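Below is one structure, written out as structure tokens; comments come after it.
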Amino acid sequence: MGDSFSEGLWDPYPYDDGTRAPAGTETTAVQRGWTDRLADHLAERRGDEVLEYANLAIRGKKLRQIVEEQVPVALEMQPDLVSLVGGGNDILRAQADLDALAATLEAAVARLRASGADVLMGTGFRSGGTLSFIRGRVGQYNATIWSIARRHGAYVLDNWGLRSVYDLRMWSDDRIHLTDEGHRRVANAALVGLGLAPDDERFDDPMPAVTAPRLRQRAREDAQWARAHVVPWVQRRIRGTSSGDGRTPKWAEPKPWPPSER
């Protein structure tokens, strides 16, 4: 359950021949992401025992929407394990009430744990650059997540401590969503958060160093980022719309995993 992070933006499934979705079509392709990748890992470890998996996450959702719209549906599925990651879209807004977010999240976790399901939450990433203004809020929210996990016996995916994603090459052009490599590394971190061994022991190793862009080039990149991503985001806020409006979950019903078709 969750927002764009758990839906898997921008990690589109490759075509049948293994090629990537062409630039500009990523928004229409089915997204993979760390959750589907985690399901791949868990299914492989179960051997002949079938794993059923659903993904209710929809981009743009705020935490209360996730809890009100997705938690009841998930409970009807009688899950053994649920991932519940949300709050990032709330924290991006200056008026975010972190205490209210914490209360909403804890109530949902308590409800899920009372059903007998294990719960995996996820901390926010350590923001930098143009998103440095939310770093303090993310840190405070993360502290709450660890406290909730301790009180209710839940698991935590430690995105804040995932050093390998400090690299901008792990992030898509919008600087908010991960690339396929970033999602692959998060899936391994999720295994660790569940108390399991990662499939790739080097998932947190840094990428090879490259020469940093010059100041003028970085300024051009920042301007392009603002035009392509910040302006549309602000326009949606003004109109009161969301990138998730009209969208439905990619895997709305539990299905044997991995499926024959995606």
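The values are calculated or read from the model by the stated rules, or taken from the named source; none is laboratory data. This structure is a prediction, so every number in the text was calculated from the model and none was measured. No Cβ is skipped: glycine too gets one built from the backbone with ideal geometry, and neighbour counts run over all protein chains shown. Quick note on the areas: whole protein, heavy atoms, side chains included, nothing else; ligands and nucleic acids left out. Shrake-Rupley method; radii C 1.70, N 1.55, O 1.52, S 1.80 Å.
Assorted remarks:
- Close amide H pairs (under 5 Å, H built 1.01 Å from N) link ASP118 with LEU81, VAL82, residues at least 5 positions away or on another chain.
- Each Lys and Arg Cβ is given +1 and each Asp and Glu Cβ -1; about its Cα centre, the chain then shows a dipole of about 1320 debye.
- Average accessible surface area per residue within the range 1-154, 1.4 Å rolling probe, Å²: 47
- Cβ-based net charge around ASP99, under 13 Å, with every Lys or Arg adding one and every Asp or Glu removing one: -2
- A DSSP coil position with no more than 10 other Cβ atoms inside 10 Å describes the following GluC sites (Glu not before Pro) in the range 43-75: GLU49.
- Per residue, the accessible area of the range 171-215 comes to 56 Å², computed with a 1.4 Å probe over protein heavy atoms only.
- Diffusion coefficient, µm² s⁻¹, Stokes-Einstein with Kirkwood Rh over alpha-carbon pairs of the range 62-186 at 10 °C and 1.306 mPa s: 105
- Only one item in (1) 24, 21, 20; (2) 27, 23, 19; (3) 47, 27, 19 matches semi-axes √(5λ) of the Cα gyration tensor in Å derived from the coordinates shown, and that item is (2).
- The residue among SER132, PRO206, SER172 whose Cα reaches farthest toward the positive pole of the charge dipole of the chain, with charges on the beta-carbon of Lys, Arg, Asp and Glu, is SER132.
- Whole-number percent relative contact order across the range 137-190, with pairs defined as alpha carbons under 8 Å at least 6 apart: 29
- Cα pair distances exceeding 18 angstrom across the range 23-89, given as percent: 50
- Fraction of accessible area attributable to carbon and sulfur, the range 1-141 (%, probe 1.4 Å): 48
- Positive-end residue of GLY182, LEU120, TYR53, charge dipole of the chain with Cβ unit charges: GLY182
- The range 75-140, dipole about Cα centre (Lys/Arg Cβ +1, Asp/Glu Cβ -1), debye to the nearest 20: 320
- Only DSSP H runs of four or more residues enter the estimate; each adds -39500 (n - 2.57), and after division by the residues of the chain the mean residue ellipticity at 222 nm equals -12000 deg cm²/dmol.
- Each Lys or Arg adds one and each Asp or Glu takes one away; over the other residues whose Cβ falls under 14 Å from the Cβ of SER6, this sums to +2.
- For the range 1-124, relative contact order (Cα pairs under 8 Å, six or more residues apart, normalised by length) works out to 29 percent.
- Summing Cβ point charges (Lys, Arg +1; Asp, Glu -1) relative to the Cα centre of the range 44-183 gives a dipole of roughly 640 debye.
- Percent RCO, i.e. relative contact order, over the range 51-164, from Cα pairs under 8 Å lying at least 6 residues apart: 26
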